[in-house]
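S.K.: Take a look at the following structure, please.
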Amino acid sequence: MANTIPNYQNFQLFIFFSELLGKTIVDPEGNAVGRILDLIINIEGTYPRVTGVQLRLKSNRRTVVFSCLDFSFSDGHFTAQFTGEDFPAEKEPVPSELMLKEALLDKQVVDTDGAKIRRVNDLQFLIANDELYLVHVDVGFQGLLRRVGLKPLFGFVLHALFDYEMADQLVSWKFVQMISSPDLLRLTIAQNRLAQLHPADLADIIEELDIHQRKAVFNALDIETAAETLEETDPKVQVSLIEGLSTEDASDIIEEMSLSEAADLLGDLSPEKAEGILNEMERDAAEDMKELLAHPEEMAGGLMTTAYPSFPPTCTVADALKTIRGDIDDLDLIYYSYVVDDHERLLGVVSLRELLAAEPEALLSELMDTRVVFVNIEEKKGQIAADFFKYGLLAIPVVDDDEQLKGIILFKNLLEVIAAKLGR
Amino acid sequence: MGNVVNKKVYGFLHAFFNAGRWRKLWIFFALIGPGIITSNVDNDAGGITTYSLAGADYGLSLLWSLIPITGVLIVIQEMCARMGVVSGKGLSDLIRERFGARITFYLMIALFLTNLGNTISEFAGIAASMEIFGVGRYFSVPLSAAFVWWLVVKGNYKSVEKVFLFACFIYFSYIISGFMGKPDWHAVGSAFLHPVFRMDAGFLAMVVALVGTTIAPWMQFYLQSSVVDKGLKADDYPFTRLDVIFGSIMVNVIAFFIILLCAMTLFKNGIRIESAVDAAQALAPLAGEYAALLFAFGLLNASLFAASILPISTAYTICEAFGWEASLDKKFLQAPQFYSLYTLMIFLGAGLILMPDMPLIRIMFYSQVINGALLPVILVFMLLLVNDRRIMGKYVNGKIMNVISWLTVIVLMLLSLAMIFFSLFT
């Protein structure tokens, strides 16, 4: 009875890459063939399968890549053995395959679960059905020590002195995005995990990457995500990312950004590039953009956006709501509707709450609040911040000297001004 | 009428500022910084001590060595700056990715130790120079440690860089004090024209020390990171190279004036000194009170400057290699390793100075030895990296550059070995 129970003490399902490197591989007769230099995985599928191995041959010390391997455990020992009749079959390179040591080990990856850039200290494989699957990336200190060969020493000291047990810091492969080269990103584009990240996190990550990775990661994003990410990125990085794109791609992304952010960005670009992008953009958007660009950045005119809802006083609630619904993709703000006369002079404001609560056939002139807080187009940002603070608004309308409504400033855009004063 | 004049003035200004050269000068000033700062930090407490000793013990006879040293410094730093600009990565980052975890781990331990030794000598320099101004070390050292902390943690890269660039100007105090020593230019000229080389142990050790103090391991990491931090691109590279060359020349001009001053005063009068502070004190009766004060002030500035940069640079370098969060924008708990390393460096660096009976000379001495042992290793890694096409693309070293740089590295290796030998057996 006892000998039918597998020996669970020696039973191991997981193995680290660092433990595999340098292991001897044997042929079907049990003769040593060579030592493992690197493993090759096929990155298709949730957990990539090891499909080949790079060996240093025992016979002539040549470096060769083979496929056809069986990985197994018996008596607590890990064995890697060649199978099949066509041994030794030298392996042809396949596009969806990569060498682990070259592409992953010691390189940086994005951990999309923790929204951080990590350095790969080790890799963990699962052994199942004589196959190896890459399941975890080890980013912890213990993994580093294992690589250095000091894990037993540190483990002993930490245990003896502080009664502290080190723990592995593993990131599931599901959350790992490789970024070490543009080719890798292209290779993994089908399962691009960067999309799992919030654009603000993505922006932080992009800022931390080096110039090449930065470009590659940014180019791997879809236009909408790219635009959202760009809005959250530091102006200096914004410029370098956009300068690296073709004018058409750049204008596609900039059109997706909110107007005021886009105008700030265009203002930071070189005049030639900005001109090129403006020419590439849709006429309406380009007109709005040019108007915003005419104002200095630290004044109301430079902070404002022109994508807001405005209606004549004779407009009904139903029509207003219909218009807002129709234009919603192009509007930077929907919470306030501004009421203007024939000369674009500001008469009043109606909040979305009021629109929703009112009868559909009611006129905006009946609903509007005429005590509108507004700022002049040349107002300094410090005073605007004070107004936001005093009146607790989401947006403040901007008028010129003739009281014509020119745009609105979103609280979000002013936040960057205030944030600087918060010591961030 | 007025309009016409205005147009003319405008046209003139337009032509003036668009005339290539001016535009280039302007870009240059926007892009300089890393090279000049790195080189000047290099003239730290240890450097100034070495130059003073060289001048006091050997007079003008070692002046010639500054010319090859400048050349070597330019060769090495140019490669670092190029790697930073092209790869966009720090040196420890590249070493980790190319040479793996184990090598990097031990390299970082060695770097931490030598940088700690250097930091200690910077705080020793602060303590000693402040004592000349009549401020006790139990006051000056904690205060300067607090200042260093505040400057780096509370400042941002731009403002700190400006403070540092300003600190570079204070080095001119050495040029002024150099002139106060009433140099004999004729003798200076002939010292350069007739280089002297002697094969006695003391002379050789001094040459080795001069080279060793000018080219230190940490500089390569610091320079490359600050080039990366500044976000310089491959198009900006010609300016970065100018920055590096300018910095390397400036550092040796300062060294020249320190050696000159000590040679003209101390050496001529047969005064032996042990440290830079001895030099400052001995200068007063020979070159005047102001020359001595300027000299001490220069030492204070140099030590404080280097003490501000070494701990932060070390923390960045190590965290980068191991993939730990490293940014002053993060809170302590978000980047514990970074802040711990940084704090530890300042705490140990400043704290050890205040311990009574601390064998400071021995500590500095052994840190010099590790410095010398580490340098060749890092230089070899650098050369392998700078010739790696996967990293550098078309910006790898050319044939001539490779010959020059390998020769440089071999000479430096021999000198480093000589330095370790001298340190341990004499």
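The values are calculated or read from the model by the stated rules, or taken from the named source; none is laboratory data. Computed from a prediction, not measured in an experiment: that's the story for all the values here. Here the Cβ is made from the backbone with ideal geometry for all residues, glycine too, and neighbour counts use every protein chain on show.
Per-residue answers, yes or no, for (1) without any contact (Cβ under 8 Å) to a residue 40 or more places away in the chain; (2) of a type in the set (Asp, Glu); (3) away from chain A (no Cβ under 14 Å):
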{"residue": "B:ALA187", "(1), (2), (3)": "no, no, yes"}
{"residue": "B:PHE197", "(1), (2), (3)": "yes, no, yes"}
{"residue": "B:GLY212", "(1), (2), (3)": "no, no, yes"}
{"residue": "B:TRP218", "(1), (2), (3)": "no, no, yes"}
{"residue": "B:LEU232", "(1), (2), (3)": "no, no, no"}
{"residue": "B:ASP235", "(1), (2), (3)": "yes, yes, no"}
{"residue": "B:ARG241", "(1), (2), (3)": "no, no, yes"}
{"residue": "B:ILE245", "(1), (2), (3)": "no, no, yes"}
{"residue": "B:ALA255", "(1), (2), (3)": "no, no, yes"}
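S.K.: While we're here: Tell me which of these A:LEU393 doesn't satisfy, since it passes every other one: (1) assigned to a loop (DSSP other than H, G, I, E, B); (2) of a type outside the set (Asp, Glu); (3) surrounded by fewer than 17 Cβ atoms within 10 Å (Cβ to Cβ).
M.R.: (3)
S.K.: So, one more: Counting just the residues of the stretch A:335-351 that are surrounded by fewer than 17 Cβ atoms within 10 Å (Cβ to Cβ) and without any contact (Cβ under 8 Å) to a residue 60 or more places away in the chain, which one comes out nearest to A:LEU259 (Cα to Cα)?
M.R.: The qualifying residue nearest to A:LEU259 (Cα to Cα) is A:SER351.
S.K.: Kindly indicate whether A:ALA385 is at pLDDT below 90 and of a type in the set (A, V, I, L, M, F, W, C).
M.R.: So A:ALA385 fits the description; yes.
S.K.: Something else about it: Select, from B:VAL409, B:VAL403, B:VAL369, the only residue that is in a helix (DSSP H, G or I), over 24 Å from B:ASN115 (Cβ atoms) and among the β-branched types (Val, Ile, Thr).
M.R.: B:VAL403
S.K.: Taking the stretch B:190-229 as the search range and keeping residues that are under 28 Å from B:PHE421 (Cα atoms) and among the polar types (S, T, N, Q), which one is nearest to the chain's Cα centre (by Cα)?
M.R.: So the residue we want is B:THR214.
S.K.: List every residue pair whose Cβ atoms lie under 9 Å apart, where the two residues are 6 or more positions apart in sequence or sit on different chains, the first residue falls within the stretch B:89-112 and is facing chain A (nearest Cβ under 9 Å) and at negative phi, and the second residue, located anywhere, is surrounded by fewer than 22 Cβ atoms within 10 Å (Cβ to Cβ) and among the aromatic types (Phe, Trp, Tyr).
M.R.: Listed pairs, sorted by first residue: B:ARG96/B:PHE322; B:ARG98/B:PHE381; B:PHE99/B:PHE381; B:ALA101/B:PHE322; B:THR104/B:PHE322; B:PHE105/B:PHE322.
S.K.: Which of the residues belonging to the stretch A:333-367 are of a type in the set (Val, Ile, Thr) and either in contact with a Gly (Cβ under 8 Å, 6 or more places away or on another chain) or in a strand (DSSP E or B) (or both)?
M.R.: Matches in the stretch A:333-367: A:VAL339, A:VAL340, A:VAL349, A:VAL350.
S.K.: Give the stretch A:143-178 a look and list any residue that's assigned to a helix (DSSP H, G or I), buried (at least 16 other Cβ atoms within 10 Å of the Cβ) and touching a residue at least 24 places away in the same chain (Cβ under 8 Å), or say none.
M.R.: A:GLY143, A:ARG146, A:ARG147, A:TRP173, A:PHE175
S.K.: Let me ask something additional. Kindly state which helices (runs of 4 or more DSSP H) lie completely within the stretch B:176-238 and contain at least 2 residues that are surrounded by fewer than 15 Cβ atoms within 10 Å (Cβ to Cβ).
M.R.: Qualifying helices (runs of 4 or more DSSP H): B:185-193, B:201-214.
S.K.: Somewhere in the stretch B:151-169, is a residue part of a helix (DSSP H, G or I), within 14 Å of chain A (Cβ to nearest Cβ) and of a type in the set (S, T, N, Q)?
M.R.: Within the stretch B:151-169, one or more residues are part of a helix (DSSP H, G or I), within 14 Å of chain A (Cβ to nearest Cβ) and of a type in the set (S, T, N, Q).
S.K.: Within the bounds of the stretch A:179-194, is there any residue that is surrounded by 21 or more Cβ atoms within 10 Å (Cβ to Cβ), at pLDDT 85 or above and more than 14 Å from chain B (Cβ to nearest Cβ)?
M.R.: No.
S.K.: Is the stretch A:255-262 home to any residue that is over 21 Å from A:ASP111 (Cβ atoms), modelled with pLDDT of 85 or more, not assigned by TED's automatic domain parsing to the domain that holds A:ALA115 and not in a helix (DSSP H, G or I)?
M.R.: Checked against the condition, which is being over 21 Å from A:ASP111 (Cβ atoms), modelled with pLDDT of 85 or more, not assigned by TED's automatic domain parsing to the domain that holds A:ALA115 and not in a helix (DSSP H, G or I), the stretch A:255-262 yields at least one hit.
S.K.: Looking at (1) under 20 Å from B:LYS182 (Cα atoms); (2) at pLDDT 85 or above; (3) buried (at least 23 other Cβ atoms within 10 Å of the Cβ), which is the one condition that is false for B:VAL253?
M.R.: So the condition that B:VAL253 fails would be (3).
S.K.: Do we find that B:ILE404 is in contact with a Ser or Thr (Cβ under 6 Å, 6 or more places away or on another chain), surrounded by 15 or more Cβ atoms within 10 Å (Cβ to Cβ) and not hydroxyl-bearing (Ser, Thr, Tyr) in this structure?
M.R.: Against the criterion (in contact with a Ser or Thr (Cβ under 6 Å, 6 or more places away or on another chain), surrounded by 15 or more Cβ atoms within 10 Å (Cβ to Cβ) and not hydroxyl-bearing (Ser, Thr, Tyr)), B:ILE404 does not qualify.
S.K.: Collect the residues in the stretch A:376-390 that are under 26 Å from A:ARG353 (Cα atoms), loosely packed, with under 14 Cβ neighbours inside 10 Å and either in contact with a Lys or Arg (Cβ under 6 Å, 6 or more places away or on another chain) or not basic (Lys, Arg) (or both), keeping them in residue-number order.
M.R.: Listed by number, the residues that qualify are A:ALA386, A:PHE389.
S.K.: Go through the stretch A:96-122 and give me each residue that's more than 9 Å from chain B (Cβ to nearest Cβ), not in a loop (DSSP other than H, G, I, E, B) and not β-branched (Val, Ile, Thr).
M.R.: A:GLU97, A:LEU98, A:MET99, A:LEU100, A:GLU102, A:ALA103, A:ASP111
S.K.: With the checklist (1) closer than 20 Å to B:PHE99 by Cβ; (2) modelled with pLDDT of 85 or more; (3) in contact with a strand residue (DSSP E or B) (Cβ under 8 Å, 6 or more places away or on another chain) in hand, flag the one item A:VAL148 doesn't pass.
M.R.: (3)
S.K.: Confirm whether B:GLY71 is on the phi > 0 side of the Ramachandran plot and surrounded by fewer than 16 Cβ atoms within 10 Å (Cβ to Cβ).
M.R.: no
S.K.: Take the residues in the stretch B:281-302 that are part of a helix (DSSP H, G or I), among the small types (Gly, Ala, Ser) and more than 15 Å from B:ASP44 (Cα to Cα), then tell me which one is modelled with the lowest pLDDT.
M.R.: Residue satisfying both the conditions and the ranking: B:ALA287.
S.K.: Right, here's the next one. The conditions are (1) within 14 Å of chain B (Cβ to nearest Cβ); (2) surrounded by fewer than 18 Cβ atoms within 10 Å (Cβ to Cβ); (3) of a type in the set (Gly, Ala, Ser), and A:ALA216 fails exactly one of them. Which is it?
M.R.: (2)
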